[in-house]
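Have a look at the structure below before the remarks.
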Amino acid sequence: METSIDFRRIVKDYILEEFLPGENPDELTDDLPLISGGILDSIATLKLVLHFEEQYGIVLEAHEADKEHLDTIRSIASLLTSKAR
Amino acid sequence: MSNPRPLHQFLCDAAALHPSRIAVVEPERGAISYAALDALSDRLRDRLVTLGVRPGDRVGLYLRKSIDAIAAIYGILKAGAAYVPVDPDAPPPRNAYIMHNCAVRAVVMERRLEDRFSTEFFELGELPPLLLLDGAGGGGPLARLLDEADAQRPAAAAKNAMSPPEDLAYILYTSGSTGKPKGVMLSHDNAVSFVDWCSAVFEPQPDDRFSSHAPLHFDLSILDIHVALKHGAALVLIPEERGKDALHLARLIAEERISIWYSAPSILSLMAQFGDLRSQDCSSLRLVLFAGEVFPVKHLRTLCSQLPQPRYFNLYGPTETNVCTYYEVVPPVPDERTSPYPIGKVCEHLRGKVVDEHNAPVKPGEEGELCITGSGVMQGYWSLPERTAESFLVDDDGTRWYRTGDIVVEAADGNHIYRGRRDRMVKRRGYRVELGEIEAGLYQHPLVKEVAVVAVPDAEAGVRISAFLSSKGTDKASLIELKRFCAERIPLYMIPDHFKWLDALPKTSTDKTDYQRLKELG
């Protein structure tokens with residue numbers, strides 16, 4: 001049985017593990033500005049996109065891989081959810 | 001100064017020769033011909049002169065890279081003023097500081113940035129006139145602003161300034177070790193002699209299409225803009241928000257038929273790794289130029305194997321001299337090569353020498369600091385006479401040598417090999433970062449008692465920046481809080497990769513911060 005993937009949790013765990021080692025998970029809220037807040041730089045954003053493209057066979061268009069779509073865990077998760085369908 | 005002429009004369013001459021050729025392309029937003037760009041910049045010149053801008057003044061440029069911004073650069077130059085470009089994404093307090101520091105006479109900016117800028121500027125002094133564009137893109141917003149201003153009060157037709165060679169053409173602010181950015185003053189002669197050198201070495205043609213990848217506040221943009229427009233070529237603007245997207249950039253080279261690419265090596269590394277270059281038609285590329293940091297050989301090898309046909313040049317030089325040495329890398333890059341390529345020989349419009357700690361020239365093969373003199377060397381730092389004096393070595397005959405702070409070795413064949421820095425400046429993704437400026441930013445945090453920032457080499461990223469902190473009490477700020485705190489005070493590219501709280505920072509026997517120990521931890 002296929003259940004929908006909880007991208008919010010997965011994205012959050014990935015960011016914590018990959019870019020914020022040792023950080024208290026409660027600090028990383030779903031609406032925290034990641035790019036404009038200096039949490040993820042451009043290289044980190046690229047790594048994140050590539051990771052999810054490889055893991056879930058998703059392809060993001062160039063115009064989707066921008067600050068507007070990737071600035072919060074919530075927006076990343078909703079983009080991935082829409083693509084995974 | 002064999003042929004003194006102001007920098008903006010290049011555009012005027014090209015517009016007379018090639019009025020209908022495309023000067024600037026802004027993908028998906030439009031393009032502008034030489035005649036139209038010349039005319040639009042004339043109109044801004046007239047408006048600036050009507051506002052009271054006079055030769056020798058400075059005018060700020062605070063907008064995204066666009067046809068509007070390129071027209072504004074020439075409008076400012078034609079009015080006889082120096083343009084002062086700032087990063088529209090940098091924290092507003094930093095940009096307000098810069099504009100106030102060099103006492104701009106006016107600012108050409110996007111309306112969306114006005115509120116925070118004005119608030120920050122009010123704390124420093126009286127706000128200069130702001131020319132507010134409703135957005136920036138395609139040239140339309142600048143034209144509309146000028147239409148509206150003319151409808152209220154027509155601007156009188158002015159003449160192009162006959163800027164003498166020593167007048168400032170632009171001021172580029174770079175990271176300052178004291179925590180405040182410092183303004184590098186470049187004259188018309190500095191700019192024109194550099195542009196002429198590029199003409200001689202790269203032989204641009206009207207059919208060339210130049211990439212404009214670097215932001216306008218970055219000295220790579222001088223080559224992009226002024227060399228392209230001198231030769232009647234097309235300048236293809238790559239917006240900053242798309243500048244790190246490797247796939248997009250590779251596609252853009254193919255679609256826009258770019259023939260001369262210029263960027264920091266980190267961007268080319270990204271394209272080599274993630275750009276899928278082999279499946280793009282990049283046959284238009286004839287020159288790939290890179291500058292700003294060491295190009296990791298591994299990625300350069302990949303790039304050259306994917307794109308074997310263009311010529312590759314490693315350009316080196318600080319903002320204070322623009323490019324001062326160059327080296328042609330001839331593909332393929334041998335498999336056994338692990339050391340970076342040389343930075344090369346001194347450019348023909350300059351002279352160089354390598355000196356020891358007593359300022360005496362060293363023998364070829366020995367390490368020393370590279371010093372540069374000649375027509376490309378800056379006038380000094382804006383309103384920092386002491387800092388300016390320290391940065392020059394003056395010979396008995398009065399020759400001023402700019403001390404690059406870079407330690408090099410001159411090989412027997414005249415090529416220079418880069419060894420490292422004399423001070424605490426690092427290059428990250430082509431940007432200059434003074435570790436002291438990051439420290440000054442973090443010291444403003446209420447919990448921080450002590451902070452020390454170190455940079456260590458990193459095979460993947462080139463350099464990794466780590467901040468070590470100690471707390472005034474038992475509370476410690478979280479990683480996220482520290483990053484957000486930095487994002488409000490320093491440009492994003494300066495934010496450290498790692499933060500670590502220590503009970504106390506390690507000290508040397510003379511009670512100074514032990515940076516060597518921290519580098520081992522970093």
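For segment B:243-278, heavy-atom accessible area (probe 1.4 Å) falls by no less than 30 Å² from the chain alone to the full protein assembly at B:LYS244, B:ASP245, B:LEU270, B:PHE274. Solvent-accessible surface of the protein assembly as shown, taken per residue with a 1.4 Å probe and all protein chains present: 42 Å².
Across chain B, the mean sequence separation of Cα contacts (distance under 8 Å, 6 or more residues apart), normalised by length, yields a relative contact order of 12 percent.
Protection proxy ranking for B:350-358, B:243-251, using the average of other Cβ atoms within 10 Å per residue and placing the highest first: B:243-251, B:350-358.
Within segment B:491-510, no residue becomes 50 Å² or more less accessible when every protein chain is included than when its own chain is isolated (1.4 Å probe; DNA, RNA and ligands ignored). Around the amide H of B:ARG64, modelled in the peptide plane, lies no amide H under 5 Å away from a residue 5 or more places distant or on another chain. Dipole of the protein assembly as shown computed with +1 at Lys/Arg Cβ and -1 at Asp/Glu Cβ about the Cα centre; of B:LEU479, A:ALA65, B:PHE290, farthest Cα towards the positive end is B:PHE290. For segment B:9-242, the share of accessible area belonging to carbon and sulfur comes to 51 percent (1.4 Å probe, ligands and nucleic acids excluded). For chain A, averaging the sequence separation of C-alpha pairs within contact (under 8 Å, six or more residues apart) and dividing by the residue count gives a relative contact order of 40 percent. Taking the accessible area of segment B:425-521, probe 1.4 Å, and keeping the other protein chains in place, the carbon and sulfur fraction comes to 48%. For segment B:478-489, the Karplus equation 6.51 cos²θ - 1.76 cosθ + 1.60, evaluated at θ = phi - 60°, returns couplings of 6, 4, 5, 4, 5, 5, 5, 4, 4, 4, 7, 10 Hz by residue, with Gly and Pro reported as x.
Rounded to two decimals, the Cα-based Rg/Rh of chain B, with Kirkwood Rh, is 0.96. When only the Cβ of Lys, Arg, Asp and Glu is charged (+1, +1, -1, -1), the dipole of segment A:7-84 relative to its Cα centre reaches about 180 debye. When you filter the GluC sites (Glu not before Pro) in segment B:96-202 for DSSP loop state and at most 11 other Cβ atoms inside 10 Å of their Cβ, you are left with B:GLU123, B:GLU126.
For segment B:349-418, relative contact order (Cα pairs under 8 Å, six or more residues apart, normalised by length) works out to 33 percent. For segment A:7-84, carbon and sulfur atoms together expose 47% of the accessible surface, with a 1.4 angstrom probe and every protein chain in place. Relative to the Cα centre, the charge distribution of the protein assembly as shown, modelled as +1 at Lys and Arg Cβ and -1 at Asp and Glu Cβ, gives a dipole magnitude of about 540 debye.
Taking a sphere under 12 Å around the Cβ of B:ASP395 and counting the other residues whose Cβ falls inside, with K and R at +1 and D and E at -1, yields a net charge of +1. Between A and B, buried accessible area from a 1.4 angstrom probe totals roughly 1600 Å², ignoring ligands, DNA and RNA. Using the Karplus relation 6.51 cos²θ - 1.76 cosθ + 1.60 with θ = phi - 60°, the per-residue 3J(HN,Hα) values for segment B:180-197 come to 10, x, 10, x, 8, 8, 10, 8, 4, 5, 4, 5, 5, 5, 5, 4, 5, 4 Hz, with x marking Gly and Pro.
When you filter the GluC sites (Glu not before Pro) in segment B:447-492 for DSSP loop state and at most 13 other Cβ atoms inside 10 Å of their Cβ, you are left with B:GLU460. Residues of segment B:455-484 whose accessible area (probe 1.4 Å, heavy atoms of protein chains only) drops by at least 20 Å² once all protein chains are present, relative to their chain alone: B:SER478, B:LEU479, B:ILE480, B:LYS483, B:ARG484.
Rounded to whole numbers, the Karplus 3J(HN,Hα) couplings from phi for segment B:29-36 are 10, x, 8, 9, 7, 4, 4, 5 Hz, using 6.51 cos²θ - 1.76 cosθ + 1.60 with θ = phi - 60°, and x at Gly and Pro. Database remark: amide H of B:ARG311 closer than 5 angstrom to the amide H of B:LEU287, B:VAL288 (H placed geometrically; neighbours at sequence offset of 5 or more, or on other chains; Pro and chain starts carry no H).
Compute the Cα gyration tensor for segment B:85-212, then decide on rounded, prolate or oblate, letting a ≥ b ≥ c be the square roots of its eigenvalues: rounded whenever a/c is under 1.5, prolate when a/b is larger than b/c in the other cases, and oblate in all that remain. Oblate, since a/c reaches 1.5 and b/c is not below a/b.
Value of Rg to Rh for segment B:349-418, rounded to two decimals, is 0.98; Kirkwood radius and Rg both from alpha-carbon coordinates. Cross-link partners of B:LYS476 among lysines, defined as those whose alpha carbon lies under 27 angstrom from its own and excluding same-chain residues fewer than eight positions apart: A:LYS12, B:LYS180, B:LYS449, B:LYS500, B:LYS507, B:LYS512, B:LYS519.
For B:LYS345, the residues whose modelled amide H falls within less than 5 Å of its own, excluding neighbours fewer than 5 places apart on the same chain, are B:TYR326, B:HIS416.
The values are calculated or read from the model by the stated rules, or taken from the named source; none is laboratory data. Just so you know, these numbers come straight off a predicted model, no measurement behind them. Counting neighbours? That spans all protein chains shown, and the Cβs are built from the backbone with ideal geometry, glycine included. Side chains included, ligands, DNA and RNA excluded: accessible areas come from the protein's heavy atoms. Shrake-Rupley method; radii C 1.70, N 1.55, O 1.52, S 1.80 Å.
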